[in-house]
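Data first, discussion second: the structure below is written as structure tokens.
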Ligand code: CA2
């Protein structure tokens, strides 16, 4: 089964700045661990990152039909993007919204998510371990998921 882990703007900077919020791992470190874990569970994990809203929308659209689940850290677009919300609504596979930090403990502008109402589950505030937790739970939730 195919899985997309989609990362939005500035997440390419992980491990280089603001380690007190986002930790010391780079996105490449997280990608390696998610792909290794995916292999153990028979999941083919494609790890993607873009700073561009339209590219994120394109990937969500491309997932339709061939990708069983999307794990999405939309970054700051979480709080602004109706386009990503609409693309997620149209995607009928399983969707996990993911955040490294807990946006509800941060500035008020991070408290609104356009991704949450279009997602099946949310992982937030567990640091970069959230990515592996999301991948690790997929076999169980996909077994019972019907769209
Ligand atoms: O906690 C998360 O994962 C966020 O999605 C991260 C976004 C933020 O806008 C959301 O409110 C919560 C920001 C990603 C920026 O990542 C950086 C990583 C290292 C250095 C600078 C930015």
Next item on the list: Scan region 99-126 residue by residue and report those that are within 8 Å of the ligand (Cβ to nearest atom), farther than 16 Å from residue 5 by Cα, crowded, with 17+ Cβ neighbours inside 10 Å and free of Cβ contacts under 8 Å to residues at least 60 places away in the same chain.
Entry: 103
Note to self: Looking for something at pLDDT below 95 and away from the ligand (no atom under 12 Å from the Cβ) - is there at least one such residue anywhere in region 129-144?
What the structure shows: yes
Check: How many of the residues in region 34-51 are outside any strand (DSSP E or B) and more than 22 Å from residue 110 (Cα to Cα)?
Finding: 10
Item checked: Conditions (1) more than 16 Å from the ligand (Cβ to nearest atom); (2) assigned to a loop (DSSP other than H, G, I, E, B); number of the one not met by residue 54 -> (2)
Margin query: Just to verify a result, which residue in region 1-33, among those that are assigned to a loop (DSSP other than H, G, I, E, B) and more than 10 Å from the ligand (Cβ to nearest atom), is farthest from residue 75 (Cα to Cα)?
Written below: 1
Notebook entry, point to check: What's the number of the condition residue 92 fails, among (1) surrounded by fewer than 16 Cβ atoms within 10 Å (Cβ to Cβ); (2) within 22 Å of residue 13 (Cα to Cα)?
Noted result: (2)
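Conditions (1) within 16 Å of the ligand (Cβ to nearest atom); (2) in contact with a strand residue (DSSP E or B) (Cβ under 7 Å, 6 or more places away or on another chain), marked per residue:
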position: 39; (1), (2): no, no
position: 45; (1), (2): no, yes
position: 62; (1), (2): no, no
position: 67; (1), (2): no, yes
position: 77; (1), (2): yes, no
position: 85; (1), (2): yes, no
position: 90; (1), (2): no, no
position: 95; (1), (2): yes, yes
Item checked: Number of the exception - residue 65 against (1) over 13 Å from residue 128 (Cα atoms); (2) surrounded by fewer than 17 Cβ atoms within 10 Å (Cβ to Cβ); (3) touching a residue at least 60 places away in the same chain (Cβ under 8 Å); (4) over 14 Å from the mean Cα position of the chain (by Cα) -> (3)
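The values are calculated or read from the model by the stated rules, or taken from the named source; none is laboratory data. What you are looking at is a predicted structure, and each value in this text was computed from that prediction instead of being measured. Cβ coordinates were reconstructed from backbone atoms using ideal geometry, including for glycine residues, and neighbour counts include every protein chain displayed.
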